[in-house]
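Read the structure below first, then the notes.
The values are calculated or read from the model by the stated rules, or taken from the named source; none is laboratory data. Just so we're clear, the structure is a prediction, and the values are computed from it rather than from any experiment. Using ideal geometry, Cβ is built from the backbone for each residue, glycine included, and neighbour counts are taken over all protein chains shown. Accessible surface is based on the protein model in full, side chains and every heavy atom, while ligands, DNA and RNA are left aside. Shrake-Rupley method; radii C 1.70, N 1.55, O 1.52, S 1.80 Å.
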Amino acid sequence: MCGIVGILGNRPVAGALVDALRRLEYRGYDSAGIATLDHGRLDRRRAEGKLVALEKRLDAEPLPGNVGIGHTRWATHGRPTESNAHPHATAKVAVVHNGIIENFRELRESLVAGGARFFSETDTEVVAHLVTREMAHGKSPVDAVAATLKQLRGAFALAFLFAGEDNLMIGARKGSPLAIGYGQGTAGKGEMYFGSDAIALAPFTDTISYLDDGDWAVLTRSSVQIFDEQDRPVERPVVKSSATAHMVDKGNHKHFMAKEIHEQPEVVGHTLAHYIDMIQEKVALPGELPFDWSKIKRLSISACGTAFYAGLVAKYWFERFAKLPVEIDIASEFRYRGAPLEAGDLAIFISQSGETADTLATLRYAREHKQHILSVVNVVTSTIARESDVVMPTLAGPEIGVASTKAFTCQLAVLACLALAAGRARGHLSEEDEQKLVHALIEVPRLMAQALTLEPEIEQLALDLAKVGDVLYLGRGTSYPLALEGALKLKEISYIHAEGYAAGELKHGPIALIDETMPVIVIAPYDRVFEKTVSNMQEVAARGGRIILVTDPKGAAEATIASTVTLTLPDMASTVTPLVYAIPVQLIAYHTAAAIGTDVDQPRNLAKSVTVE
Ligand code: AGP
């Protein structure tokens, strides 16, 4: 995923473009660049690596101009080099792009045959040449863009500048989000903006319009024209964005991830309050569902990464509380295994960004198979949200750290409420049982706050973990998805190889890995399978393995095994352990990565949302 910004300004824009790109760096950060228009002339500055490299470049070679576009990149086509960094340009046109032009090779061949010279390996550069070619045939910039968009296949958000046109900026959206921002206040009045999301525009305005898929827009300082895919003029609502500048700064935390881990009691509480009648202590879903739970024969759940692990926890809940058979798939597998889907069943898609290409493609597959589509997303204006029959938002606020934390526990909060609502609707959950379970959920923010007090202990533990090469995570029941999530968290930000396993599987293979160099993190609240997990721990200890046990007071008392480091969480209902035990799992990964010194918020090779398949 990449980040795009455009400013049709009344003042020099280079600094403002960089500020906006800083808010977009979480989307991709292997290179960045800006282009501006000064006295009708296009010019660019681009740099490989983090945004700071571009800032250094601009300090050395300032770029004047009151109109500009900017881009921060997560490389898809072409290595993360300066020559592949956006904006791409000809003498006439500069363009920035988020997405993939699937037919770029054939387009490039026809352009080269016509004499075009390319300087990058990217698909994006083709777009600049196509618009230039259309203008060479006598089209205006607007008509040239309209003609070019019809030649492109794939997913794109684009923003264009034109030499000699300092009161014009054009943008287009197909498969990747793009918003228009309306200037406000004395400084910004009359300015217009494009941005990949509301976060990018937060420094300039909170008044925005989201383009629909297929839309393209022509901005001047005094007008906004939006056209749909058939070039018909359309209106899009002007809304107040919720992302304000303070929501995207780290406060007094060293990293966004630390801030977001600590926000969880607040944002999970906020999310629960959206789905629970706190007085009656029962689930109260906002709005009517477009399906009858009692008629759903099977539930499909699909997502990627951390969101998938949230879905895996939810499988246990739906099957336990609603007696609803659940099939769960990693999104990139679901539509290729030919799952037999019966029309009228329910498919749930979980996604923080709401833009993950694998998840979106699977949503479209489920729709083709006449499933009711319910999405649990953190960005309600996202493509996945817009293509769902019903959206259940997580109210986590913008999640900037690439490693998902608060979105994960908010997803669990929403999914728990959905499972209880399904249980009640399907007659498998009594009001009394529902009330007990809802009460347990209401306790979660307080329990999370208590779990955060383990941080100093975990910080110490992390100093040892930072020295190892491999870590094994074990869990049973709903702690098994947490073991998978813990391994993902650790590997994606510390680069330490880690694997999550069902504890019962240890003796079927992974135990061969156990020796004194391999820490084993066991997630095991004291529950009905605790004794079995203690046996697994004894198998590890017998082979010199180092155990880190995450449990509660009863578990700590029962599992007296030598060399075990024990992190003790408060007692709680077993239903809510996945939400609360996520805290130490996240802190272990965070502090280990911080001890190693990796880039916690922007780990290598990753992006916050993967909008390519
Ligand atoms: C999680 O920490 C990772 N960043 C990644 O696995 C992520 O969960 C996955 O890419 C799905 O993203 P989404 O929730 O935005 O769809």
Residues satisfying the stated conditions in region 196-212, i.e. assigned to a loop (DSSP other than H, G, I, E, B), within 16 Å of PRO398 (Cα to Cα) and in contact with a strand residue (DSSP E or B) (Cβ under 7 Å, 6 or more places away or on another chain): SER196, ASP197, ASP206
Number of the exception - TYR526 against (1) open to solvent by 10 Å² or more (accessible area, probe 1.4 Å); (2) of a type outside the set (A, V, I, L, M, F, W, C); (3) out of contact with any Ser or Thr (no Cβ under 9 Å at 6 or more places or on another chain): (3)
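Do you know which of the residues in region 213-235 that are part of a loop (DSSP other than H, G, I, E, B) and open to solvent by less than 50 Å² (accessible area, probe 1.4 Å) is modelled with the lowest pLDDT?
Taking region 213-235 first, the residues part of a loop (DSSP other than H, G, I, E, B) are 213-215, 221-222, 228-232, 235.
Next, from what is left, pick out any that are open to solvent by less than 50 Å² (accessible area, probe 1.4 Å): 214-215, 228.
Details: GLY214: 91, ASP215: 96, ASP228: 96.
The residue in question is GLY214.
Taking the residues in region 372-401 that are in a loop (DSSP other than H, G, I, E, B) and open to solvent by less than 10 Å² (accessible area, probe 1.4 Å) as candidates, determine which candidate is farthest from GLU266 (Cα to Cα).
Of all residues in region 372-401, those in a loop (DSSP other than H, G, I, E, B) come to 378-382, 387-389, 394-401.
Subsequent filtering for residues that are open to solvent by less than 10 Å² (accessible area, probe 1.4 Å) retains 382, 394, 396, 399, 401.
On the way: SER382: 23, THR394: 12, ALA396: 9, GLU399: 14, GLY401: 17 Å.
Looking at residues that are in a loop (DSSP other than H, G, I, E, B) and open to solvent by less than 10 Å² (accessible area, probe 1.4 Å), I get SER382.
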Residue ranges of strands (runs of 3 or more DSSP E) in region 1-102 with at least 3 members charged (D, E, K, R) and either at pLDDT 95 or above or buried (at least 24 other Cβ atoms within 10 Å of the Cβ) (or both): 41-48
Check on VAL402, closer than 30 Å to PRO510 by Cβ and modelled with pLDDT under 95: yes
Subset tally (residues that are assigned to a helix (DSSP H, G or I) and more than 10 Å from the ligand (Cβ to nearest atom)) for region 300-316: 6
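Which helices (runs of 4 or more DSSP H) sit wholly inside region 120-195 and have at least 3 residues that are open to solvent by 10 Å² or more (accessible area, probe 1.4 Å) and more than 24 Å from ARG236 (Cα to Cα)? It would help to see each step written out before you state the result.
Details: elements: 124-136, 141-149, 185-188.
Here the list reads 124-136.
Out of everything in region 277-298 that is outside any helix (DSSP H, G or I), touching a helix residue (DSSP H, G or I) at 6+ places or on another chain (Cβ under 6 Å) and not charged (D, E, K, R), what residue ends up being least open to solvent (accessible area, probe 1.4 Å)?
From region 277-298, those outside any helix (DSSP H, G or I) are 277-292, 296-298; that's our starting set.
Imposing the further condition that a residue be touching a helix residue (DSSP H, G or I) at 6+ places or on another chain (Cβ under 6 Å) reduces the set to 281-283, 285.
Within this subset, residues satisfying the condition of being not charged (D, E, K, R) are 283, 285.
Numbers: VAL283: 5, LEU285: 39 Å².
Filtering first and then ranking leaves VAL283.
Without any contact (Cβ under 8 Å) to a residue 12 or more places away in the chain, open to solvent by 10 Å² or more (accessible area, probe 1.4 Å) and within 16 Å of the ligand (Cβ to nearest atom): does that describe LYS491? Break it down into steps so the answer makes sense when it comes.
Numbers: without any contact (Cβ under 8 Å) to a residue 12 or more places away in the chain: yes; open to solvent by 10 Å² or more (accessible area, probe 1.4 Å): yes; within 16 Å of the ligand (Cβ to nearest atom): yes.
In short, yes.
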Criterion violated by ALA407 - all others in (1) near the ligand (Cβ under 10 Å from one of its atoms); (2) small (Gly, Ala, Ser); (3) modelled with pLDDT under 95 satisfied: (3)
Tabulated pairs, region 1-26, first closer than 18 Å to GLY185 by Cα, second open to solvent by 20 Å² or more (accessible area, probe 1.4 Å) and basic (Lys, Arg), C-beta under 9 angstrom, 6+ apart or interchain: LEU8/ARG221; GLY9/ARG221; ASN10/LYS189; ASN10/ARG221
Pairs with Cβ under 6 Å, 6+ apart, first in region 256-277 and farther than 14 Å from VAL600 by Cβ, second part of a loop (DSSP other than H, G, I, E, B) and of a type in the set (Val, Ile, Thr): THR271/THR394
Of residues in region 317-345 being within 14 Å of the ligand (Cβ to nearest atom) and of a type in the set (Gly, Ala, Ser), the one least open to solvent (accessible area, probe 1.4 Å): ALA331
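If a residue must be small (Gly, Ala, Ser) and at pLDDT 90 or above, how many such residues does region 249-266 contain?
Within region 249-266, residues that are small (Gly, Ala, Ser) and at pLDDT 90 or above number 1.
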Residues located in region 346-371, provided they are more than 16 Å from the chain's Cα centre (by Cα), within 16 Å of the ligand (Cβ to nearest atom) and not in a helix (DSSP H, G or I): ALA347, ILE348
